[in-house]
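Below: one structure, written as structure tokens.
The values are calculated or read from the model by the stated rules, or taken from the named source; none is laboratory data. Only a predicted model underlies this, so the values are computations on that prediction, with no experimental measurement involved. Note that each Cβ is placed from the backbone with ideal geometry, even for glycine, and that neighbours are counted across all protein chains shown. SASA here: full protein model, heavy atoms, side chains in, ligands and nucleic acids out. Shrake-Rupley method; radii C 1.70, N 1.55, O 1.52, S 1.80 Å.
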Amino acid sequence: MIVLWILCGIIGLLLLLLLIAVIHTLLIPSLKSTYVPNPDPDRALTYGKTLARMVQYDTVSIPDTDQREKFLGFHKLLEELFPLVHKNLEKTEIDGNLLFFWKGKSSDKPLVLMSHQDVVPAEGEWQHGPFSGDLADGKVWGRGASDTKCSVMAFFQAVEELLKNGYVPENDVYLSSSCTEEWAGDGCPKLVAELERRGVKPYLVCDEGGGIITDPIGGIHGNFAMIGVFEKGKADVRFTAESNGGHASTPKAYSPIARLAAFVNEAETKPVFKRKMPKEVAAMFETLAPYASFPLKLVFTNLWLFKPILLKVLPLISAQAGAMIRTTMAFTMQSGSDAFNVMPQKATLGANLRFIPHQGMEESLAIVKKLADKHHLTMEVMHASDYTEPVDIHGEAFQTVQRVVAQTFPGCAGSPYVMTGATDSRFYQKICDNVVRFAPVVYGSEQMKGMHGLNENIEYNCLPGAVDFYKNLIEAVK
């Protein structure tokens, strides 16, 4: 009888908590994202043509290769497209990387607007040539259209128009653009070193990363400004299993490939890394909650009750959302014997790790090393860097970005967002406390698929909004 009373009490408490959550959810008004780009068609087309010119110039970057001359050619095109910027701003070129300085009335709050010039290779059969810059179906087509010559075009155009109107910024403004971002090269670090040499400590850095994302989570529809507030760390790791080899007709147990397979199986099927919801992710869910259907709204507005469940199911629902709550390890490369009938003397496995702040680089690598040792594998870290410190989402700089988003894109909610990839902006963390990752263009599912893939494009009706965002941001930093 006592057990029954306890069980009834537990059920009653759960029902009460659920009722409180439902009432809380019903008291929060439902919202709808209403922002849709609707610019002057002539202005959008003009910007589209400018971006098309930039896309037509092939700026594919090749790792560890001197390509300065290629990028100097691209710089000549920029000078043709944005003559006032080149006439009025102080230009510094370092090995193909660009830094422009616009002197403001004050140097108290320097602003850095940045995005990279280089693009990844374009392979496969494209609907429009990868360097055609075709204008078709309301889009600019080609490699770099969305990643990220659109941002480069937009902030250059913003400064060009402000200069034309005789505007002088309240604070110093820098335009920064590397040519090695796509292979994590040393371009941006050289620009940061130059600013360090000058004693510049930026108040705010705005790079690519987030964007105006269409339907960011299943069940939430419309356009939302997802503003990246930190990047996960990353590492490339190689695991090696060795043996004496031998003929495949007489295989020995626990061969190199079998040990690697057992290692992968355990890592994939048993939780290796802790799941925890960063406050920035919680803020994202709370921001998006009023725009969600009732079941999602119920969960997102009552994280105090549903967080434990959400932490378990998020990786199953969405790989992107799951990556925001834990360190991830993806197995990407493998090698073994060169023949079907030969047991390998050595087999290797490559993995890419992305570190979350609550379980950073050292702790995560130690966990993986322990698991590798268990399966008698050697582990070699090829490259590793830790996560970046988060921007204070309640601080002045982030709130300034939020206000500019609301001003520029009416009806578009701004939300903090965790960058699971990597950008050049991480190098600016060394000299700036407020580094946000936000490209002010609209990325629908087609644009997301096209980045680093086939048929990359951007709808040019979103380009005026991007130009206006940068103009408004420059004017807002006072």
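Starting at the first residue of segment 72-81, write each ³J(HN,Hα) from the Karplus equation 6.51 cos²θ - 1.76 cosθ + 1.60 with θ = phi - 60°, in whole Hz, x for Gly and Pro.
5, x, 5, 5, 5, 5, 4, 5, 5, 6
Rounding to the nearest 20 debye, state how big the charge dipole of the chain is about its Cα centre with +1 on each Lys and Arg Cβ and -1 on each Asp and Glu Cβ.
For the chain, the charge dipole is close to 1420 debye.
Check the straight Cα-Cα distances from Lys369 and name the aspartates and glutamates below 19 Å, setting aside those fewer than 8 residues away within the same chain.
Partners within reach: Asp236, Glu242, Glu266, Glu268, Glu380, Asp386.
With the Cα gyration tensor of segment 155-235 giving a ≥ b ≥ c as the square roots of its eigenvalues, does the rule (a/c under 1.5 for rounded; else a/b larger than b/c for prolate; else oblate) give rounded, prolate or oblate?
Numbers: a/c = 2.30, a/b = 1.24, b/c = 1.85.
Oblate, since a/c reaches 1.5 and b/c is not below a/b.
Add -39500 (n - 2.57) for each DSSP H run of 4 or more in the chain, then divide by its residues: what number comes out at 222 nm, to the nearest 500 deg cm²/dmol?
The helix contribution divided over the chain gives -12500 deg cm²/dmol.
Could you report segment 350-478's accessible area per residue, 1.4 Å probe, as an integer in Å²?
Normalised by residue count, the accessible surface of segment 350-478 is 39 Å².
If you plug each phi of segment 46-56 into the Karplus form 6.51 cos²θ - 1.76 cosθ + 1.60 with θ = phi - 60°, what whole-Hz ³J(HN,Hα) values come out, in order, with x for Gly and Pro?
My calculation for segment 46-56 gives 4, 5, x, 5, 5, 4, 4, 4, 5, 5, 5 Hz in order.
Mind checking the per residue accessible area of segment 120-279 for me, 1.4 Å probe, whole number of Å²?
39
When the accessible area of segment 344-478 is computed with all protein chains present and a 1.4 Å probe, what percentage of it is carbon and sulfur?
Looking at segment 344-478 in its full context, I get 50 percent from C and S.
Using the Cα centre of segment 190-298 as the reference point, and only Cβ charges (+1 on K/R, -1 on D/E), how large is the resulting charge dipole? Debye, rounded to the nearest 20.
Working: 15 positive and 12 negative charges, 80 e Å.
Computed charge dipole of segment 190-298: roughly 380 debye.
Say the cut-off is 31 Å between C-alpha atoms; which of Lys109/Lys276; Lys70/Lys109; Lys234/Lys449; Lys87/Lys449; Lys164/Lys478; Lys32/Lys471 go over it?
Cα-Cα > 31 Å for Lys109/Lys276; Lys70/Lys109; Lys87/Lys449; rest within.
Could you check how much of the accessible area of segment 112-157 is carbon and sulfur, as a whole percent, using a 1.4 Å probe?
Carbon-and-sulfur percentage of accessible area, whole number: 44.
In straight Cα distance, which lysines are under 20 Å from Lys252, not counting same-chain residues fewer than 8 positions off?
The reachable lysines, counting only those whose Cα sits under 20 Å from Lys252, are Lys346, Lys374.
Short version: what are the Cα gyration tensor semi-axes of the chain, square root of 5 times each eigenvalue, largest first, in whole Å?
Values for the chain, descending: 40, 33, 21 Å.
Taking +1 at the Cβ of each Lys and Arg and -1 at the Cβ of each Asp and Glu, which of Gly124, Pro169, Gly210 sits farthest along the dipole of segment 123-237 towards its positive end, judged by Cα position relative to the Cα centre?
Projecting each Cα onto the dipole axis, the largest value belongs to Pro169.
What is the packing order of peptides 376-382, 79-85, taking the mean over residues of other C-beta atoms within 10 Å and listing the highest first? Intermediate results must be reported in sequence, preceding the final value.
Values: 376-382: 14.3, 79-85: 16.0.
Ranked from most to least packed, the peptides come out as 79-85, 376-382.
Spelling out what I want: for every residue of segment 233-245, take phi, set θ = phi - 60°, compute 6.51 cos²θ - 1.76 cosθ + 1.60 (Karplus), and round to whole Hz; glycine and proline get x.
Once rounded to whole Hz, the list reads x, 8, 8, 10, 10, 10, 10, 10, 10, 10, 7, 8, x.
Tell me, what % of the accessible area of segment 41-98 is carbon and sulfur with a 1.4 angstrom probe?
Numbers: 1460 of 2990 Å².
So the carbon and sulfur contribution to the accessible surface is 49 percent.
For segment 244-389, what is the Kirkwood hydrodynamic radius in Å, using each pair of distinct C-alpha atoms? Mind showing how you got there, number by number?
Working: mean 1/r = 0.0561 Å⁻¹.
Here the Kirkwood hydrodynamic radius works out to 17.8 Å.
Which whole-number percent gives the relative contact order of the chain, counting Cα pairs below 8 Å spaced six or more residues apart?
Computed value for the chain: 26 percent relative contact order.
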